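Quick notes on the structure that follows.
The values are calculated or read from the model by the stated rules, or taken from the named source; none is laboratory data. None of these values were measured; they are calculated from a predicted model. Here the Cβ is made from the backbone with ideal geometry for all residues, glycine too, and neighbour counts use every protein chain on show.
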Amino acid sequence: MSSKFLCTSDTLAEGQYREFRVSDPDLAITVCHEGPIDLVVTRHQGMAKAWLNVCPHQGRSLNIAPDRFITDDENRLVCCVHGAVFEPSQGRCVSGPCLNACLKTIHLIESEGSVALATD
Ligand code: FES
């Protein structure tokens, strides 16, 4: 499996949500548009996780400003548009207008201090 470097492990703290922009050929998934793709990346229970930064409710970006995400008092990701709440284990909506819908998972590989996108 090949991969593309995303960030160093020490720059992705437990519970932190970060935004990354990548070009779509970097991804191992088919995305229905061309051009850069925005991701939300976090670390949950030690595991680096990534999803498309696209809310399943109305397809809007989850963040309120570049690299700034809203969280609730349980550190779950909250969409800034209509308040859908996503748990950080599977990216599933647990509250709000798209209940039980999931963010699109992007597969990551973490080894030797680096977090990378799986590209095939
Ligand atoms: S677009 Fe995210 S909750 Fe509506």
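Let's see how each residue does on (1) surrounded by fewer than 18 Cβ atoms within 10 Å (Cβ to Cβ); (2) over 22 Å from Thr119 (Cα atoms); (3) within 14 Å of the ligand (Cβ to nearest atom):
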| position | (1), (2), (3) |
| --- | --- |
| Met47 | yes, no, no |
| Trp51 | no, no, yes |
| Gly59 | yes, yes, yes |
| Glu74 | yes, yes, no |
| Leu77 | no, yes, yes |
| Cys80 | yes, yes, yes |
| Ala84 | no, yes, yes |
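Counting only residues that are buried (at least 16 other Cβ atoms within 10 Å of the Cβ) and more than 9 Å from the ligand (Cβ to nearest atom), region 88-104 holds 4 of them. Screening Ile64, Ile70, Ile37 for residues that are free of Cβ contacts under 8 Å to residues at least 24 places away in the same chain and in contact with a Gly (Cβ under 9 Å, 6 or more places away or on another chain) leaves exactly one candidate, Ile70.
Selection of first residues in region 47-58 that are modelled with pLDDT under 95 and of second residues that are of a type in the set (D, E, K, R) and more than 16 Å from the ligand (Cβ to nearest atom), restricted to Cβ pairs under 8 Å at least 6 apart or on distinct chains, gives an empty result.
The test for being closer than 16 Å to His44 by Cα and either touching a helix residue (DSSP H, G or I) at 6+ places or on another chain (Cβ under 8 Å) or hydroxyl-bearing (Ser, Thr, Tyr) (or both) does not hold for Val85.
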